[in-house]
1. Please give the net charge around R90, taking every other residue with its beta carbon less than 11 angstrom from that of R90, where Lys and Arg add +1 and Asp and Glu add -1.
2. When the dipole is taken about the Cα centre of region 73-129, and only Lys, Arg (+1) and Asp, Glu (-1) are charged at their Cβ, what size is it in debye, to the nearest 20?
3. Any idea what angle helix 212-224 forms with the longest principal axis of the chain, computed on alpha-carbon atoms, 0 to 90 degrees, nearest 10?
4. Per 0.36 nm of contour for each residue apart, how much would the distance between A435 and R63 grow if the chain were fully extended, relative to their Cα-Cα spacing?
5. Stretched out fully, how many nm does the piece from R336 to D498 gain, at 0.36 nm a residue minus the Cα gap?
6. Taking the Cα centre of region 195-271 as origin, sum charge times position over the Cβ atoms of Lys and Arg (+1) and Asp and Glu (-1), and report the length of that vector in debye to the nearest 20.
7. Of all DSSP beta bridges in the chain, what percent run antiparallel (nearest 5)?
8. If r is the Cβ-Cβ distance from D512 to D487 and R0 is 45 Å, what FRET efficiency results, to the nearest 0.05?
Amino acid sequence: MPNRITRRAFNASAAAFLPLAHAADSQLEVRVAEPGPDITPMLYGHFIEHLGGVIYDGVWVGRASKIPNVDGIRKAFIDDLKRIKAPVLRWPGGCFADSYHWRDGIGGRRPKTYNFWQRSMPKGVDATEPNTFGTHEFLKLCELVGAEPYLAGNVNSGTPQEFADWVSYCNAPQGTLTLAAERAANGHTAPYNVRYWGVGNESWGCGGNFKPEEYAAAYARFVAQFPTYTAPYLIAAGPSSGDLNWTRGFFEAFTRKTPQGVRQRAPMHGWALHYYTFYRPPGGRSDKFPPEQWYPVLALGMRIEKLIQDHWAAMGEYDPQHRVKLVIDEWGVWYRDDAVVKPSYLFSHYITLRDAVHTALNFDIFHRHADKIAMTNVAQTVNCIHSLFRADGPKFVRTPAYYVYELYLPHMGARSLPVQSQAAGISFTGQGGEAAIPGLSASASLHGRTVTVTLTNPSHSSPQQVSVRLASGSPRGARAKMLTHPDMQAANTFEAPDEVRIQPLNATVSGDRVLVSLPKHAIAALQIELA
Ligand code: AHR
């Protein structure tokens, strides 16, 4: 059945259909006088794992490489992460983290070790971990980019002592512990002051096959003697997708009720939610798809909003003041059984304009829930799943998803603003039957006297005129840019790296409104100066 535009309006914030005020255009109202929570820059974080072509080649090319590098780290990767002000990098996994022993990756003796992902490698491809890229190399990358490091500890095959020693190795002040002297001997005298620590990863699965109450006990042990040279931000391994049993089971075991209220058993600041838009492309290629496969991917991606709401509500049953925030430290589109860019680069899908649209829809959702989310980390930044970059030896290219990070830069650190959108909903037939998505996605923020509005037209067939009205204040001027391409399957390749890129877009001020014409499948960033 063909996709069709309904004659109803979809109100994204209220998730309900409204009568459409003006049949021809989508209408957006931005409530400038009602600023919400700040949009922490941490919503735009990253994740890199020792998996396929992510670290070796994607990030690390080696000091002796002819590929431009800084101390062995690919320079183009550093430069582009700086360009999008990458606020945080999560490392070393993922599933890899729960078999990683940090001592293998420091100093001159780097043993070759088994890599968890060997099991998924094509037959005959060796995935032995050389440990060339270790703690110092990762923290150097963070320093070069200006990003906060987020280290994931090994709860599966590691011990609380090993975890605590890693913290001390990174953070103990110079001249105190022997571990601090060892760090200095390995080239970094000053403490790194790493704040973000993950206590395991996917502990319900590859991270140890724990039951929620077992993991709650393990978590409490791992943080019981956590060295606090630097005030830590501790992140527990939360659920996959809609597994509310994991959330409730953990919090039930982790909190205790006293006459004074509910108490946590141990310090904890973030609860990690993982959600992948798993999609099996019927044709086996994420970049070659018929229009019928466009909306199902976007709709699956948008399910993250309900997961955020559901887990938040479940957490609130045990933590009514919501001291613990959500950390969505793995998200993105994961095409299953899909052709990969290179066989040994596991899960290295072709990223198209559809994935850029998915990225924008997700960021609009994250902004709507800026009060609940402390951080997100896209999985993974290069050569894997929802990549911003593809790298292969000397070749390096930005995918369409990268440009969404560039377009959304002005939202970082700005105050979120409520938006009310009236746009025709889009109905389609998905894998589970009839479904619908809003015909316009938007979010807004305020920084000084500038209102930033990001707008996405997810339609693969119809352009739309959008009228943006400020509920208070009037626009003095406006400028806009957008990411789009006439072909819905458009991607950037090594041969044609600028096929999908940011382009100018006209924005016209008319009274209290700003008008833009969005082509089909376009993402726009509008900046409105207040009078
Ligand atoms: O990102 C790839 C893998 O997906 C991670 O290692 C794991 O945490 C998740 O299952």
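The values are calculated or read from the model by the stated rules, or taken from the named source; none is laboratory data. Since the structure is predicted, the reported quantities are computational estimates derived from the model, not experimental observations. With ideal geometry, Cβ positions are generated from the backbone for all residues, glycine too; neighbour counts draw on all protein chains shown. SASA here: full protein model, heavy atoms, side chains in, ligands and nucleic acids out. Shrake-Rupley method; radii C 1.70, N 1.55, O 1.52, S 1.80 Å.
1. Working: positive: none; negative: E49, E148, D329, E330.
Within the 11 Å Cβ shell, the charges total -4.
2. Numbers: 12 positive and 6 negative charges, 40 e Å.
Magnitude of the dipole: close to 200 debye.
3. 60 degrees
4. On the way: separation 372, 0.36 × 372 = 133.92 nm, distance 5.14 nm.
Residue separation times 0.36 nm, minus the Cα-Cα distance, leaves 128.8 nm.
5. Numbers: separation 162, 0.36 × 162 = 58.32 nm, distance 2.69 nm.
Using 0.36 nm per residue and subtracting the Cα-Cα distance, I get 55.6 nm.
6. Numbers: 8 positive and 5 negative charges, 67 e Å.
Magnitude of the dipole: close to 320 debye.
7. 60 percent
8. Numbers: r = 36 Å, r/R0 = 0.81.
Using R0 = 45 Å, I get an efficiency of 0.80.
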